[in-house]
Structure formats: C-alpha cells, structure tokens
Amino acid sequence: MVNYAALLSLAVGFLSLSQEIIWVRIISFILQGISQSFPLVLACFLFGIAIGAAIGKRFCKTREDLWRVAALVLTLAAAIDLGLILLLPLLVQHLKPFGLGGLLALVILTALLKSILFPIAHHIGSQQKGAFIGRSVARVYFFNIIGSTLGPIVTGYILLDYLTLEQCLLVVGMATSLLALACSLPERNFAVALLSATVLLPIGVMARQSQADTIPDIVRATQKRLMAGKDIGEVIQNRHGIIHTVVSPDGEPTWTFGGNVYDGRLTVEMDQNVSRLDRALVPLAVHPHPERVLVIGLSTGAWARILTGSPRIKEMTAVEINPGYLEVIDNHPEVAGLLADPRVHIVIDDGRRWLKRHPDQGFDLIVLNTTFYWRAYSTNLLSREFMEQVRKHLRPGGIAYFNTTGSGDVVATARQVFPFVERRENFVYGSDGDFSRAIDDAEQVLLEMRLDGKPVFSEAAFAPGGIARNIIATPFVPHANQYLDLTPNPMVITDQNLLTEHAHGRARKKLPRLYGLVDQLRLFLDQGKQE
C-alpha cells in the first residue's frame, strides 16, 4: 500500500498545482492582467488547501475505507473540474456582482477537494507504529513535492503552450477521473468505480463537445460583456497568454487584445489615424539620421510597420516575447508586410534580457511599445533601472520613447534618467541631446514615406491642420505642464517599489477604502521604525 499511497500523493500534488496555474490564467484574463490576480488565486488556493486538509484529517480518524473515500472525493473533484468548462462562461459573462465571487469560491472548492487526499495518502502510506514511521511519512511527502513541482512546470511551460485553456481543464478533469478509478482498485471498490464512470462520462462528453468551436467560451463571454455587438476574429493561445482580435460589422479596423487588454488596432492608415500612430512618427521629424531602430514590444506590428515606411531607416530589430503576435501579423495584410521586409529582424525574447545580452548594440531610435502601466510586470519596462539600460543603447543624439498610458510616474522616471525629456499627448520622449525642434527637412522625411509602394500621407496631410503638418509643427508639451492630465502624485518607478502595479495601480482606483487602510498601516509601521 505504501507505493500506491506515494503515487496517489504525487498525482494529487501534480493535479492540484496544475489547476492552480490554470486558475491564475483564468483569473488574470478576467481581471485584465492586474498584478493582484496571482496573490488572489494563491490566497484562495491556500485557504482551500487548509480546509481540505482538516477534512481529510477527520476522515482518517474515522478509520473508514480510506481508498473508498479517496475515490469518491476524486470523483466529485473531477466532476467539478470538467463542469468548469461549462460553468466558467456563465460566471464571466455575469461578472458583476456574483461572477468574481463565484469564481473565487470555485478556486477554493477545487483546491479543497484535492487537498483532502493529502492527509489520507499519508495515513495510508505511513507505518502507524515502529521505528520507521518518520521515514514512511517523509516518503509520501517527498512524492507529493515531486508532483507539486512538476505540475506547474508541465502545465505552465508545456501544456498551455500546445493546448487551449479549455483543453487543459479537460486534461486535468479527465486525469482526476482516472485517478478516482485507480483509487477504487486497491480494495476492489467496483461499485465506486462504476459510479465514477457513470457520473463522469456524460460530463466529459459535454465538455469535449464544447471544444468543437474554435472560439473559447471564456473569450466569447468576455467579449459579450465588454464589447457587445462586435465579433471575435481569431484566438491564439500559448503559455504567454491569450491573444484575440475583434472585428466590427461596419468594417472598422480590427482591435487586438492581449490577455483581455487592448493592444492596438490592425491598421497603418494615416488619414483617419485611429491608432494615433502619429505619436510614433514624431522622432522622424526631429532626428536627422534615424538609421537603426529597436522596437521592444512588437504587439500588432502597427508601430514598427509605419516606421518602415521611411527609407531613411536602414535596419530595425523588433523584440517580442509572445510569438503568437507574429501569427496575428501574418494573418492581416495591413501589417503583414513587416514580416517580409529585409530590413526587419524579429527576435522572440524578453526585451530586458535582450538588452543585457547585447550591450554593444546602439540605436538611433528605441521604441518601447509598453502595455498599460497598471498591468503585472509592467515595472520591468518602466523602471528607472530599465530606462538607464535603454539609455546606454542609444547612439549620440538617439531618442527613446514610449506610451505612458496616462501615468505621471513614467514621466517622472524618464526625467530622472534622461537629460532631455519631452512629451506629446501621452507619449514621453527621452534623449541625451536637445531634440525639441523639427529638423529642416522634416517635411521631406514624411513625404518620402511609402508602404507597399503607396505614399503614407496624402497631399491633404501636409496642409495646415493636416496630420503630417501637425507632426512637424505641433510643439511638445511645455516642461511645466508635463504632468498635466496624468496620474497624480508622480514618483520614480524602480525595480523594488513596483509603483505602477501596486501603490498607483488600477486596483487602488477600484478598492480605495482597502488601499486607504493599507496606507494607514504602512504609515503606522514607518512611525514605529522611526521611534
């Protein structure tokens, strides 16, 4: 029985931690990638584990047929795991006021059921008397650690890279059902095995049938809640997250969402300028020789594509961490030309890591296509340390620029790192030299721009009030007003303070009272240290 118990402990650890990874993906997608998603899931998961372990302890004290108990508990756990595929879309579509609470309750319940098996496996697999009781307990615990370690690795790095979110739920649910059947074998509880098969078969069939549609139900439900009246174009899933596009029946440019957060529009048309790509072209009007360009964060490719319209750019390196965006770009002719441009070299890597590995690379323009400042891990591309690293890769007169997404902290950080900082709308530009005035041939630079053999700007764009004329003639925001209309109380972002994700993040706006209490507690602790 010891070997069976050790294998049970390993399997439960593997399935439990695999499901935690899946829950992090689900909750993070629903909450649009805020940094609080992971600790919220972790807190619920640990709470469920604590309750489940207490329940499992009570079962052990009753001296019942513990293999039978394990089989029944796992049958219930598998039924809920498979039922999640059908239940999740309903909760997501009706997120307020009950959906999020229901999801967190399910996180607790799924953790609770599997953790009941933890003390049961130890009770079955350990010697109750004798000199080797500690060794027998340690053996079962060791196998649980192996399973708990492999679960996040296999699911997070392999399964989610090849299977969809719903398919991963299906795999965990069916594996749990097989484990339930296995637990009925040691004591030959064939009635329990039959019950497990009878209960799970129809649920598994319904869950499998729900996967026939290429659009995941969780994405469809989110779309109905956030952008009703528009259709989902495509969905790409991998271990980095979920990318989906949204199309409008009236032919508007396609929207792109990464992790359920707006990523941009798939268009480089400048007459309407729906993506405000003019902000990305401002450096072309102030830099005399922008030959080498680095783009960190390729995303939909619109920023990089519009820049390639300039024949003065001789070489472009684009670093993107999620290869799924290349598939999106390839599927849309508006930006697909980027992949065939011989000047463009695309690297799948983390932007910060790439900079560290290429210390000798210098660029005239560094474009930081960063996401919203309040999303998890945004500090990696907004902190003072990162901006200092970017500055080292600028050639003399080079310009680095990025979207503040409305954060005054980003401007404050740039002003501490770069000697010269300018702002245009919500974009901030930094350099070691003064670039506040347009170059003499700025108009010629924009006139030269071509994409697919066609001018980027029409003749009307160069008339007074036209978009090209505004790129050249509109002055930067006066230095005294650089924080105007941005988030209040600007501070410098560092790798240590995670400012934009927590102290000034989106959750603060959603939960002002909670964060008020946190601020009071922090103030109290700081006063205690001073005393």
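Here are a few things to note about the model shown:
- Residues of segment 228-249 satisfying the condition of being outside any strand (DSSP E or B) and within 20 Å of the chain's Cα centre (by Cα): Arg239, His240
- Only listed residue being in the same structural domain as Ile366 (by TED's automatic domain parsing), surrounded by fewer than 20 Cβ atoms within 10 Å (Cβ to Cβ), over 31 Å from the mean Cα position of the chain (by Cα) and among the hydrophobic types (A, V, I, L, M, F, W, C), chosen from Ile439, Ile471: Ile439
- Just one residue in the set Asp432, Asp409, Asp452 is within 35 Å of the chain's Cα centre (by Cα), more than 22 Å from Leu382 (Cα to Cα) and not hydroxyl-bearing (Ser, Thr, Tyr); that residue is Asp452.
- Condition met for Thr371 (part of a loop (DSSP other than H, G, I, E, B) and either under 12 Å from Val295 (Cα atoms) or assigned by TED's automatic domain parsing to the domain that holds Pro311 (or both)): yes
- Selection within segment 28-45 - β-branched (Val, Ile, Thr), more than 18 Å from Leu112 (Cα to Cα) and either in contact with an Asp or Glu (Cβ under 9 Å, 6 or more places away or on another chain) or modelled with pLDDT of 90 or more (or both): Ile34
- Hey, Asn238 in contact with a Gly (Cβ under 6 Å, 6 or more places away or on another chain) and either outside the structural domain of Tyr429 (by TED's automatic domain parsing) or over 30 Å from Gln167 (Cα atoms) (or both) or not: yes
- Candidate set from segment 455-468 (those that are within 36 Å of the chain's Cα centre (by Cα) and part of a helix (DSSP H, G or I)); member that is farthest from Glu291 (Cα to Cα): Ile467
- Some residue of segment 34-56 being touching a strand residue (DSSP E or B) at 6+ places or on another chain (Cβ under 8 Å) and assigned by TED's automatic domain parsing to the domain that holds Gln167: yes
Yes/no per residue for (1) modelled with pLDDT under 90; (2) outside any helix (DSSP H, G or I); (3) not assigned by TED's automatic domain parsing to the domain that holds Asp65:
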position: Phe142; (1), (2), (3): no, no, no
position: Leu159; (1), (2), (3): no, no, no
position: Ile203; (1), (2), (3): yes, no, no
position: Arg208; (1), (2), (3): yes, no, no
position: Gly251; (1), (2), (3): yes, yes, yes
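Per-residue answers, yes or no, for (1) part of a helix (DSSP H, G or I); (2) touching a residue at least 40 places away in the same chain (Cβ under 8 Å); (3) of a type outside the set (S, T, N, Q):
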{"residue": "Gln272", "(1), (2), (3)": "no, no, no"}
{"residue": "Arg276", "(1), (2), (3)": "no, yes, yes"}
{"residue": "Pro283", "(1), (2), (3)": "yes, yes, yes"}
{"residue": "Val295", "(1), (2), (3)": "no, yes, yes"}
{"residue": "Gly309", "(1), (2), (3)": "no, yes, yes"}
{"residue": "Val319", "(1), (2), (3)": "no, no, yes"}
{"residue": "Tyr325", "(1), (2), (3)": "yes, yes, yes"}
{"residue": "Glu334", "(1), (2), (3)": "yes, yes, yes"}
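- Residues satisfying the stated conditions in segment 340-367, i.e. over 24 Å from Arg384 (Cβ atoms) and touching a residue at least 24 places away in the same chain (Cβ under 8 Å): Asp341, Arg343, Val344, His345, Ile346, Val347, Ile348
- The single condition among (1) closer than 30 Å to Val24 by Cα; (2) surrounded by 18 or more Cβ atoms within 10 Å (Cβ to Cβ); (3) touching a residue at least 60 places away in the same chain (Cβ under 8 Å) that Tyr377 does not meet is (2).
- Selection over segment 440-484 of residues that are touching a residue at least 24 places away in the same chain (Cβ under 8 Å) and either on the phi > 0 side of the Ramachandran plot or hydroxyl-bearing (Ser, Thr, Tyr) (or both) gives a count of 4.
The values are calculated or read from the model by the stated rules, or taken from the named source; none is laboratory data. Quantities reported herein were computed from a predicted structural model and do not represent experimental measurements. All Cβ positions, glycine included, derive from the backbone under ideal geometry; neighbour counts span all protein chains shown.
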